[in-house]
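The values are calculated or read from the model by the stated rules, or taken from the named source; none is laboratory data. Bear in mind that the values here come from a model prediction, so they are computed numbers and not experimental data. Counting neighbours? That spans all protein chains shown, and the Cβs are built from the backbone with ideal geometry, glycine included. These area figures cover heavy atoms from the full protein model, side chains too; ligands, DNA and RNA do not enter into them. Shrake-Rupley method; radii C 1.70, N 1.55, O 1.52, S 1.80 Å.
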Amino acid sequence: MSRIPDARNQWYVMHVLSGQEERVCERLRRKVEAEEMGDDIFDIIVPTEKVTEIRKGKTNATPVRREVKRKFYPGYVLVNMNLLLPDGDLNKKVWYFMLQTDGVIGFAGSRDKPMPMREKEVQEMLAQIKERSEQSRPSVDFKVGDMVRVLEGAFADQEGKIEEVDHEKGKLRVSITIFDRMTPLDLEFWKVEKQ
């Protein structure tokens, strides 16, 4: 049997009702406080990221950019809790507390005795959560070779192929055909839509 991590180093993935991740997280936090479970349940996280969406404005208006929070593991919540005791037995108090919370479906990966995530997985996931929550990314992920349509400017409604993607600056180099010649254009992400 593998070594059981210390109580504060046990992270589990909880399967919850999709679309209710935030509600379940808040419900769990309130229950932890009300039932004084803070010595066994340490942290509850809904992994989210900042995404920049482009929405069309009113008729013929310039598209509107807005930043939104989006879950990147829909239907899942991460919980840092003391579920496995040092001898490998389940902490039944925590087990039933979690499973009797509205919106919780169960533990990802196992029905009878879930295993905590490996420390390396936890560190990578927490780093990913931190990075994605701090830095916004476009809602559409562009890559070289994708076909796009220009939304505004002199070349509106022209179709082209992405030749380069600069995620740092939010720009693309798109080749479109003008007078039977391929012409490169440098455009911002929000000025095109994926075909």
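Residue 143 fulfils the conditions (1) touching a residue at least 24 places away in the same chain (Cβ under 8 Å); (2) more than 30 Å from residue 86 (Cβ to Cβ) except for a single criterion, (1).
To keep it simple, each residue is scored yes or no on (1) over 30 Å from residue 79 (Cα atoms); (2) touching a Pro at 6+ places or on another chain (Cβ under 8 Å); (3) at pLDDT 90 or above.
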position	(1), (2), (3)
117	no, no, yes
137	no, no, no
146	yes, no, yes
149	yes, no, yes
159	yes, no, yes
190	yes, yes, no
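Among the residues of this structure, residue 39 does not count as one that is assigned to a strand (DSSP E or B) and not hydrophobic (A, V, I, L, M, F, W, C).
Annotation: residue 44 fulfils all but one of (1) within 20 Å of the chain's Cα centre (by Cα); (2) at pLDDT 95 or above; (3) open to solvent by 30 Å² or more (accessible area, probe 1.4 Å); the unmet one is (3). The set of residues in the stretch 148-168 being among the hydrophobic types (A, V, I, L, M, F, W, C), surrounded by 12 or more Cβ atoms within 10 Å (Cβ to Cβ) and either assigned to a strand (DSSP E or B) or over 29 Å from the mean Cα position of the chain (by Cα) (or both) consists of 148, 150, 155, 162, 165. Residues that are in a loop (DSSP other than H, G, I, E, B) and either without any contact (Cβ under 8 Å) to a residue 12 or more places away in the chain or open to solvent by 80 Å² or more (accessible area, probe 1.4 Å) (or both) do occur in the stretch 177-191, at least one of them. Restricting attention to the stretch 95-115 and to residues that are open to solvent by 100 Å² or more (accessible area, probe 1.4 Å) and either at pLDDT 90 or above or of a type in the set (A, V, I, L, M, F, W, C) (or both), the residue that is nearest to residue 19 (Cα to Cα) turns out to be 102. A single member of 130, 171 is touching a strand residue (DSSP E or B) at 6+ places or on another chain (Cβ under 6 Å), free of Cβ contacts under 8 Å to residues at least 24 places away in the same chain and open to solvent by 60 Å² or more (accessible area, probe 1.4 Å), and it is 171.
Here the condition is being open to solvent by 30 Å² or more (accessible area, probe 1.4 Å), modelled with pLDDT of 90 or more, aromatic (Phe, Trp, Tyr) and within 26 Å of the chain's Cα centre (by Cα); of 76, 12, it holds for 76 alone.
Considering each of 33, 67, 49 in turn, give the residue that is under 25 Å from the mean Cα position of the chain (by Cα) and either open to solvent by 70 Å² or more (accessible area, probe 1.4 Å) or at pLDDT 95 or above (or both). Only one candidate passes the filter, namely 67.
If you go through the stretch 88-114 and keep only what is in a loop (DSSP other than H, G, I, E, B) and free of Cβ contacts under 8 Å to residues at least 60 places away in the same chain, you end up with 89, 91, 100, 110, 111, 112, 113.
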